[in-house]
1. Given the conditions (1) within 30 Å of GLU102 (Cα to Cα); (2) without any contact (Cβ under 8 Å) to a residue 60 or more places away in the chain, and given that GLY237 satisfies all but one, which numbered condition is not satisfied?
2. Contact list please: Cβ distance under 9 Å, first residue in the range 147-174 and in contact (Cβ under 8 Å) with a residue 12 or more places away in the chain and under 14 Å from PHE211 (Cβ atoms), second residue of a type in the set (Phe, Trp, Tyr) and surrounded by fewer than 18 Cβ atoms within 10 Å (Cβ to Cβ), pairs at least six apart or on different chains.
3. Could you check the range 241-261 and list, in sequence order, the residues that are more than 24 Å from the chain's Cα centre (by Cα) and either in contact (Cβ under 8 Å) with a residue 24 or more places away in the chain or surrounded by 15 or more Cβ atoms within 10 Å (Cβ to Cβ) (or both)?
4. Any idea which of (1) of a type outside the set (Phe, Trp, Tyr); (2) modelled with pLDDT under 95; (3) under 20 Å from MET86 (Cβ atoms) is the one GLN270 doesn't satisfy?
5. Among the residues of the range 262-273, is there at least one that is in contact (Cβ under 8 Å) with a residue 40 or more places away in the chain and farther than 19 Å from SER107 by Cα?
6. Which ranges mark the strands (runs of 3 or more DSSP E) fully within the range 220-318 that have 2 or more residues being within 30 Å of ARG177 (Cβ to Cβ)?
7. Just need a number here: residues in the range 176-223 that are small (Gly, Ala, Ser) and within 16 Å of LYS251 (Cβ to Cβ).
8. Within the range 109-132, which residues are part of a loop (DSSP other than H, G, I, E, B) and surrounded by fewer than 24 Cβ atoms within 10 Å (Cβ to Cβ)?
Amino acid sequence: MSVTTSQFIRLNEEGALKLERRLCPTPSSGELLVQIKAFGVNRADLLQRAGHYPAPAGAPQDILGLEFAGRVVEGAGRWRAGDRVMGICAGGGYSEHICVHEGCLLSVPEGWSWAEAAAFPEVYYTAFDALRQAELAPGERLLIHAIGSGVGGAAAQLGAWMGAEVVGTTRSAWKQRRALEELPIKGAALISEGDFAPLEGYGPFDVIIDFVGAAYLKQNLGALRAQGRLIIVGLLGGARAELPLGLLLAKRLRVQGTVLRSRELLEKMQLSHELERLVLPALLRGQLSAPHVDRQLRASPEGLDEAHHLLRQGLAWSKLVALWDE
């Protein structure tokens, strides 16, 4: 299958999104060319657009997007032309075609739509990796902040599947209701920023997955039991905070930060292998579910501006996905 040109949505110097066309990218050794059918839209895209989260070296700085789903254009290794695949990328997901290392691709489960497949990689990779680093064990108590986010929902499903007792927090009453209705959790607390008083009766916790950072640090440590683990995945509430070292020592706590985007290729390949070996079979058995797709928008500057607005205002539940016109 010969492809000569491809569309992509670029971020210009004024911060506006523009639809453009270019020569189709050419795969390097070990890479495959994938025709993207749909891609997820994430808060990291907002940060990059605002100039706060630059892409790592080797990834395009002016094309947002960290996940995608589509068809292999030309086969190599275990992949054949036409195979339905999904995966993560360090940037460039807002494109019609992308070159990705074959070891970072996963097969799209039978029966999944393109939107469901595009919503899966970033949230399940991130949540699975965070819980694995936390060494979550059956019977432990897990607290997940921002439970209404895509990663929060994936972490709730994975935590329950791993045998933990899961509780979430949110600052939106409607997200609290949906979390209690749709996620395998014991409770969902409606909290104000940094105030965990509504969590009384649920803790203390063995593991906390946090996307907020500075604003929640002190109360996170207070909510952990002895030898508890705090995994910081995001910094929506700021990057600087005082660390109460006395509490850290007395309770023998572990505080760990993690980011997926800038990791070495080998680490991403290993994580892909673990998801393929452990998580995808659980999805096929019905023990886990595909991420909920709140809205499907056109892969266009206008569609993505709408998606970014919904994320910025906290109006989306779980995932937003953009699809290219057939």
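1. (1)
2. Final answer for the pair search is GLY148/TRP174.
3. If the condition is that a residue be more than 24 Å from the chain's Cα centre (by Cα) and either in contact (Cβ under 8 Å) with a residue 24 or more places away in the chain or surrounded by 15 or more Cβ atoms within 10 Å (Cβ to Cβ) (or both), then ALA241, GLU242, LEU243, PRO244, LEU247, LEU248, LYS251, ARG252, LEU253 are the ones that fit.
4. Of everything listed in (1) of a type outside the set (Phe, Trp, Tyr); (2) modelled with pLDDT under 95; (3) under 20 Å from MET86 (Cβ atoms), GLN270 misses just condition (2).
5. Yes: the range 262-273 contains one or more residues that are in contact (Cβ under 8 Å) with a residue 40 or more places away in the chain and farther than 19 Å from SER107 by Cα.
6. Ranges flagged: 224-232, 293-298.
7. 3
8. PRO109, GLU110, GLY111, TRP112, SER113
The values are calculated or read from the model by the stated rules, or taken from the named source; none is laboratory data. Being a predicted model, the structure only gives us computed values, none of them experimental. FYI the Cβ positions are ideal-geometry reconstructions off the backbone, even for glycines, and counts take in every protein chain you see.
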